[in-house]
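Have a look at the structure that comes next, please.
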Amino acid sequence: DLVLNGLVYFTYGFLSGRFRMKLLPVTPTGLLRDIGDALRFKLAHDIGVYNHVQRLLYIGVLTLGVLVVLSGLAIWKPVQLWWLTDLFYGFQGARWVHFACMTGIVLFLIVHVALALLVPRTIVSMITGNAPDHSRGRTAQE
């Protein structure tokens, strides 16, 4: 299920341009600015618009998801997929990559849920897909 859902998600994200539109660009200047704003608790939070830190973290967790699947395949079938196992420097290397990536995904989820709970209106938007449009006082999909 993870692989099939991931393939559909990545295909849609790339073909529709959603990844490019939502996750790019990530610039060092923007990243430093947003980290500074976050440390001063002055980071603007517009639902549906990702700041540079969010963009980098989403790109990172997507990368971790790909690595989890690939390293999982290398662990599952190390003899049949020897070339994939070799990319991870052997079976033990694939296990380490798999463990590290899963740890990263779990940490991302913990932080993601904790931050969503701090801004409760985001939870409704994540479930329904409606991002409020504050300029008109209505949701963006109305």
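The values are calculated or read from the model by the stated rules, or taken from the named source; none is laboratory data. These figures come from a predicted structure and were not determined experimentally. FYI the Cβ positions are ideal-geometry reconstructions off the backbone, even for glycines, and counts take in every protein chain you see. Accessible surface areas use protein heavy atoms only, side chains included; no ligands, DNA or RNA. Shrake-Rupley method; radii C 1.70, N 1.55, O 1.52, S 1.80 Å.
Condition check ((1) assigned to a loop (DSSP other than H, G, I, E, B); (2) open to solvent by less than 90 Å² (accessible area, probe 1.4 Å); (3) closer than 30 Å to F91 by Cα) across all residues:
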position: M21; (1), (2), (3): no, no, no
position: R33; (1), (2), (3): no, no, no
position: D37; (1), (2), (3): no, yes, no
position: K42; (1), (2), (3): yes, no, no
position: T63; (1), (2), (3): no, yes, yes
position: V68; (1), (2), (3): no, yes, yes
position: L73; (1), (2), (3): no, yes, yes
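Another question, then. So T85 fits all but one of (1) surrounded by 15 or more Cβ atoms within 10 Å (Cβ to Cβ); (2) in a helix (DSSP H, G or I); (3) under 19 Å from the mean Cα position of the chain (by Cα); what number is the exception?
Unmet condition: (3).
Which pairs have Cβ atoms under 7 Å, sit 6 or more apart or on different chains, and link a residue in region 18-37 that is closer than 14 Å to Y50 by Cβ to one that is open to solvent by 100 Å² or more (accessible area, probe 1.4 Å) and at pLDDT below 95?
As it stands, the answer is none, since no pair meets every condition given.
Another question about this same structure. Please determine, by comparing only the residues of region 44-61 that are small (G, A, S) and either touching a strand residue (DSSP E or B) at 6+ places or on another chain (Cβ under 6 Å) or outside any helix (DSSP H, G or I) (or both), which one is least open to solvent (accessible area, probe 1.4 Å). Even if it seems obvious, please write down each step before you answer.
Taking region 44-61 first, the residues small (G, A, S) are 44, 48, 60.
Those left that are additionally either touching a strand residue (DSSP E or B) at 6+ places or on another chain (Cβ under 6 Å) or outside any helix (DSSP H, G or I) (or both): 44, 48.
On the way: A44: 73, G48: 32 Å².
Applying the filter and picking the extreme gives G48.
Which one of these does K77 not meet: (1) surrounded by fewer than 17 Cβ atoms within 10 Å (Cβ to Cβ); (2) in contact with a helix residue (DSSP H, G or I) (Cβ under 8 Å, 6 or more places away or on another chain); (3) more than 30 Å from V124 (Cβ to Cβ)?
(2)
If we keep just the residues of region 26-44 that are in contact with a helix residue (DSSP H, G or I) (Cβ under 8 Å, 6 or more places away or on another chain) and of a type outside the set (V, I, T), which is nearest to I59 (Cα to Cα)?
Quick first cut of region 26-44, residues in contact with a helix residue (DSSP H, G or I) (Cβ under 8 Å, 6 or more places away or on another chain) only: 26-27, 30-31, 33-35, 38, 43-44.
Those still in the list that are of a type outside the set (V, I, T) too: 30-31, 33-34, 38, 43-44.
Details: G30: 15, L31: 13, R33: 19, D34: 16, A38: 19, L43: 20, A44: 20 Å.
Among those that are in contact with a helix residue (DSSP H, G or I) (Cβ under 8 Å, 6 or more places away or on another chain) and of a type outside the set (V, I, T), it is L31.
Does region 1-18 hold any residues that are open to solvent by less than 80 Å² (accessible area, probe 1.4 Å) and farther than 15 Å from V66 by Cα, and which are they?
Matches in region 1-18: S16, G17.
Working only within region 116-131, note down all residues that are open to solvent by 40 Å² or more (accessible area, probe 1.4 Å), free of Cβ contacts under 8 Å to residues at least 12 places away in the same chain and hydrophobic (A, V, I, L, M, F, W, C).
L117, L118, I123, V124, M126, I127, listed by residue number.
Let me ask you something else. Between L64, L84, which is under 21 Å from R18 (Cα atoms), touching a helix residue (DSSP H, G or I) at 6+ places or on another chain (Cβ under 6 Å) and modelled with pLDDT of 95 or more?
Matching residue, one of L64, L84: L64.
May I pose another question? Given the condition closer than 24 Å to L4 by Cβ, crowded, with 17+ Cβ neighbours inside 10 Å and either modelled with pLDDT under 95 or among the aliphatic types (A, V, I, L, M) (or both), answer yes or no: does some residue in region 91-104 qualify?
yes
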